[in-house]
Amino acid sequence: MRYTPSGRYTWVLHVKDHFSKYTQLYTLKSKYILLITECLALWIMAFYLIKIL
């Protein structure tokens, strides 16, 4: 059985923290690299502190 997407989102990006095992899913319209990097930037900004040297 194949999955046929309904609507405008056709891909799911799964990001998992290795140590805490926390998982977050992001829906994507395509596999375009800028969309993926935006999701990864949101992940980093939400859960990790940025140190300014």
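Observations on the structure shown:
- Cross-chain or 6+ apart pairs with Cβ under 9 Å, region 1-15 first and under 7 Å from residue 27 (Cα atoms), then β-branched (Val, Ile, Thr) and modelled with pLDDT of 80 or more: 9/27; 11/27; 12/27; 13/27; 13/36
- Top-ranked residue in region 7-29 [being at pLDDT below 90 and polar (S, T, N, Q); ranked as surrounded by the fewest Cβ atoms within 10 Å (Cβ to Cβ)]: 20
- Residue in region 33-41 that is over 8 Å from the mean Cα position of the chain (by Cα) and modelled with pLDDT under 85 present: no
- Residue in region 43-51 that is in contact with a strand residue (DSSP E or B) (Cβ under 9 Å, 6 or more places away or on another chain), aliphatic (A, V, I, L, M) and at pLDDT 90 or above present: no
- Of all residues in region 5-28, those satisfying the criterion of being farther than 14 Å from residue 44 by Cα and touching a helix residue (DSSP H, G or I) at 6+ places or on another chain (Cβ under 6 Å) are 13, 28.
- Taken together, 52, 36 contain a single residue that is of a type in the set (A, V, I, L, M, F, W, C), out of contact with any helix residue (DSSP H, G or I) (no Cβ under 7 Å at 6 or more places or on another chain) and in a loop (DSSP other than H, G, I, E, B), which is 52.
The values are calculated or read from the model by the stated rules, or taken from the named source; none is laboratory data. As the structure is a prediction and not an experimental result, all values here were calculated from the model. Note that each Cβ is placed from the backbone with ideal geometry, even for glycine, and that neighbours are counted across all protein chains shown.
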